[in-house]
């Protein structure tokens, strides 16, 4: 599903040129649960952003579902993202001025679905995430764990085939963190491909495969059987 | 502490360069406009204040006859019988003649447009600065006249002017006098001018005469009096009326008009002073206040928004031990600095624009002490108002939030939003109202300039012929021979210049008609149609006349058969025809009743010539050649009828231009306000925009989202502004007898323009925020 | 006599239909010189408790004594005095002022205290020296790494020689190495006599303190010495 060839990303400011990714080539199959690990600043998030069509690489190719999409313009990337990719961020990134319900509904609005259709899908996913009782509340009124559940709900409401998670448990305590990882595992078992960036060994344990990045390059890849963390 | 505050303020200002430029620049522009209008306002209010005694000087007028022209002999009574009167003088204006002064020695001549006739008291009353004089008084003997320095320079260069003889004349007469004094020019900002002053003790130097019966004549003049300080003018007026023999002087009732009031007075007197328009002045005042409000609103928005952006900083400072006073001191410093910079900039802008004040206001503004001392308090108050208003914002904010709110970044949007929305709507409403007004004014001007005048004004020339000239017929024939001349005719008086009016002597229905004495082929030349009646015959000379439709209506005739125009002279004239209505004056006035008297022998002063289409400039040159053959020493004075009528609206043209200019300022201010707001909104909605994009929103959907809020404001503004503009425009149009329609689409266009401006402004600024990579937006967080 | 004494502290928010409790009947004594860690799941009330101790917030019910002074409902003026002389804060997001240099940031509390320029100079110089930041004194926060920013924040917090240091997730935005560095520093400061109360999720960093108080649903669920 995801294939990159010598992917490179260079950031230029006025004074400095930083190479965030240096010839990264990887291959992720549909249905996999992959964790990308590495110390801070090694390029994990950058890689995730490019895979998620949130950014263009400076060099190399990126094939999503067989099509080369690395150099697409923002307009086209948006079209591709819609309904296919869901995002979960470390800092939740909910819209403060919208209720839980409205936040989860967001991707469906941009998919131009009718009100009734949207309602059914939102309600279903809110139940799944066990957050239905708070659907009229605003993000500020929820705890961190609850906010992340809403974010996950939003990511999955349109039934995307790929979910990208950037440090999903970073702002959560252990109990909530485990809960979110379990959610992701369930989604993966149901068929969703998951690519997750983390620097928690515990979180990485939930994945099928771990890719280690250091200074913008892949240094090792290891596969492991998903174990429940004790 | 202060240093710390200033350092921080500067860095903050530099940090958001675009935003700071917008707001400070915007405020400067607005305040500069305010200053300019203020200067104009006080210049107008201060007319005549250049005369040091101005507060005690009054002009007499006849309340019943609405005229300042009163029997000359009243002067001696005023001078002797009233101790309340410190001084008095007569004043007659030769202003409407163009007189030429000649110096016989070297025969230099110059045209002087402002000549008055008065006595020696004038120089004391009006505190005239006498540069040089022959003897103790400026006028030394009956032959005396006085000239200003600039006239002396024009005539005599550096030679001595005192004692020289001067001829004052035009085509009709010449008078002579001896220069007995030279004075400094009278104050520029006055309602009257005087470059040559004649001694009115000399009966020869008095022009206006009124004759009741053939030998019962007397001179007319204006009378000025200077009352002693502390005299109550109302009491004095009643005393004057009760003690003077009003009948002797043929005065209905006397009234006193303050010199200070003459320029802006709404009294419609027969007089010769320059008049300003109090109504126009008030319009400008309203615009000034509006612009100041618009600028202040922008600045206030800026301050409040900046405060919100610094909420976190406030919280941090509080946790680090800042007390309430120290925080306010910082905010005050910031506001004051910004305001001071803006004000300095605005003074510079106003100074740069000052030379253009003639174009803007129709009057050049000269900076004088009195102007500055009037304006400075107003400016100071305005600046203080702005600083105080903007300093209150931090008070308000600090009281509403806890420290922990600041630090956790909660932004309570609701309360502030309403205030902001209201202000933005106000700005939009003002802009819409102004645009609609400008459109209406131009519509009306277009209407009056292009409307049918009832006669043929296309390529129609009016040539003024001196009436000392006796070869009218020959001249006309030669001109008619020219191939491009279609037709021509003579008249005394014409549309645009009526020199004679008479009463109809119809008893209770007595009314005034305008007289045009016409020669042969007049109607044909002017394109005026005879609706009713017959053409003039030779036997009708000086015995018959036409009426226009308005005159017929006014008379109330069913039919003109057998009717006569009785002007009191030898049985009057037989009315033998009716012409269509035509305009003889501007569209301010309704069509007036006109009588066209057929008398080719006497109709000799105005030649109207209809030209064929073509190179008008060349045609005029060829006519001038013909003219030169008959009048070699006289320059041909001519004008085009259509230009002449258009010139009647010069004041309106100027007003239209001024209002357009200031409307543009208002619109620019509103745009800047919108820009600044949207800049901020896109800044703090960056995260939201990024999230929506990540979740599938297209560019157009984001732009729609951002535009939506503003469009609602435009609608509300439109609803508020339209009735106000409609009412104001209606009022203005009332002053016209002929007006264009106030169509709904004028207001619709104004609303659409506002909508377009808003959408372009919002979209342009939010384009960047909307097209960024979502990654950048989220990384921001 | 305890430095900090909280008795029957409640904190709740009232909306149209309900009263939401954040803290319920908290009784807590903290002695001078302790290094206390407050832990608990999200929404348990940790930050609220810290804010109340730091007088950034007031309890809905209950009493707070600070060095035997009743400070539950203090006037603004007295609060300012408290912040200037007794307490320093450090936050997860550092909360440095972006428009000020490192030097000026550290100087901030001293300016508000009304200290003379010459006195300020020597105090700030001391801090810069101690934290090895002399070379960076004219840089702006944007030019520093997360760890360095937090160091500046700590320098600022202790410049006024406060008796109490309150830290709200001080390592939350830092890598583990930087986090360790900060925790070591805090331990040292505590060794020098500053009382420290920190809020954190991180079990490992909690162990730097001498006492762990766990909150759950607004109540103290456990209060024990670190093993």
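A few points about this structure:
- From helices alone, chain A scores -9500 deg cm²/dmol at 222 nm; the rule is -39500 (n - 2.57) for each run of n ≥ 4 DSSP H residues, then divide by the residue total.
- Averaging Cα coordinates gives a centre for the stretch C:36-111 and one for the stretch B:16-91; these two points are 65 Å apart.
- Ellipsoid semi-axes in whole angstrom, largest first, where each is sqrt(5λ) of the Cα gyration tensor of the stretch B:642-690: 45, 8, 4
- Kirkwood hydrodynamic radius of the stretch B:156-206, from inverse mean 1/r over distinct Cα pairs, in Å: 13.0
- Computed on chain A, the Cα convex hull volume stands at 133 Å³ per residue.
- Sorting the segments C:108-114, B:642-648 by their mean number of nearby beta carbons within 10 angstrom, highest to lowest, gives C:108-114, B:642-648.
- Counting only DSSP beta bridges whose two residues both lie in chain C, roughly 55 percent are antiparallel.
- FRET efficiency, 1/(1 + (r/R0)^6) with R0 60 Å, evaluated for residue B:745 and residue A:217 via beta carbons: 0.35
- For the stretch B:57-262, Kirkwood radius (reciprocal of mean inverse C-alpha pair distance, Å): 17.9
- Remark: spin-label model distance residue C:219-residue C:119 equals 4.9 nm, labels positioned 7 Å along the Cα→Cβ axis.
- Alpha-carbon Debye profile of the stretch B:461-513, log10 I(q)/I(0) at 0.18, 0.27, 0.28 Å⁻¹: -0.74, -1.13, -1.17
- Computed per residue of chain B from DSSP H runs no shorter than four, each worth -39500 (n - 2.57), the mean residue ellipticity at 222 nm is -16500 deg cm²/dmol.
- Other protein chain C-beta atoms within 10 Å of residue C-beta, averaged over B:694-707: 5.
- Relative to the longest principal axis of the Cα atoms of chain C, the long axis of helix C:102-113 lies at roughly 60 degrees.
- Principal axis box of the stretch B:578-679, alpha-carbon based, largest edge first, Å: 77, 37, 26
- Chain B: angle of helix B:414-450 to the longest principal axis, Cα-based, in degrees nearest 10: 20
- Projected onto its three principal axes, the C-alpha set of chain B covers 102, 66, 55 Å, listed from the longest axis down.
- Zero-based 10 Å bins, Cα pair distances in the stretch B:672-731, whole percents: 19, 36, 23, 14, 7, 1
- Sites residue A:80 and residue A:130 - FRET efficiency at Förster radius 41 Å, r taken between beta-carbons, to 0.05: 0.85
- Rounded to the nearest 10 degrees, the inclination of helix A:100-110 to the longest alpha-carbon principal axis of chain A is 60 degrees.
- Radius of gyration and maximum dimension Dmax of the stretch C:110-207, Cα, Å: 14.0, 43
- Highest to lowest packing among A:103-116, A:191-204, scored as the average C-beta count within 10 Å: A:191-204, A:103-116
- Highest-first arrangement of B:556-562, B:379-385, where packing means the average Cβ count within 10 Å: B:379-385, B:556-562
- Both radii come from the Cα set of the stretch B:606-752: Rg as radius of gyration, Rh as Kirkwood radius; their ratio Rg/Rh reads 1.29.
- With both labels modelled 7 Å from their Cα along Cα-to-Cβ, the residue A:186 to residue A:120 distance reads 2.1 nm.
- For peptide A:105-117, the mean count of partner chain Cβ atoms within 10 Å of a residue's Cβ comes to 2.
- For the protein assembly as shown, the convex hull spanned by the alpha carbon atoms encloses 282 Å³ per residue.
- Taken residue by residue and averaged, Cβ atoms of other chains lying within 10 Å of the Cβ of C:45-58 number 2.
- Average silhouette area of the stretch B:467-633, convex hull of alpha-carbon atoms, in square nanometres: 11.2
- Once C-alpha pairs closer than 8 Å and six or more residues apart are averaged by separation and normalised to the residue number of the stretch C:4-225, the relative contact order reads 30 percent.
- Kirkwood-Stokes translational diffusion coefficient of the stretch B:577-624, alpha-carbon pairs, 4 °C, 1.567 mPa s, µm²/s: 90
- Cα→Cβ-extended label distance, 7 Å offset, between residue B:79 and residue C:132, nm: 10.5
- Translational diffusion of the stretch C:1-125, µm² s⁻¹ [Kirkwood Rh, Cα pairs; Stokes-Einstein; 25 °C; 0.890 mPa s]: 146
- Here residue B:247 and residue B:601 are evaluated by their C-beta separation; at R0 = 41 Å the FRET efficiency comes out at 0.55.
- Cα-only Debye scattering, the stretch C:4-225: base-10 log of I(q)/I(0) at q = 0.11, 0.17 Å⁻¹: -0.55, -1.24
- Where a label projected 7 Å from the Cα of residue A:25 along Cα→Cβ would reach, residues of the stretch A:52-78 with amide N under 14 Å: A:60-63
No value in this document is a laboratory result; all are computed from the given coordinates. Since the model is a prediction, treat every value here as computed from it, not as a measurement. With ideal geometry, Cβ positions are generated from the backbone for all residues, glycine too; neighbour counts draw on all protein chains shown.
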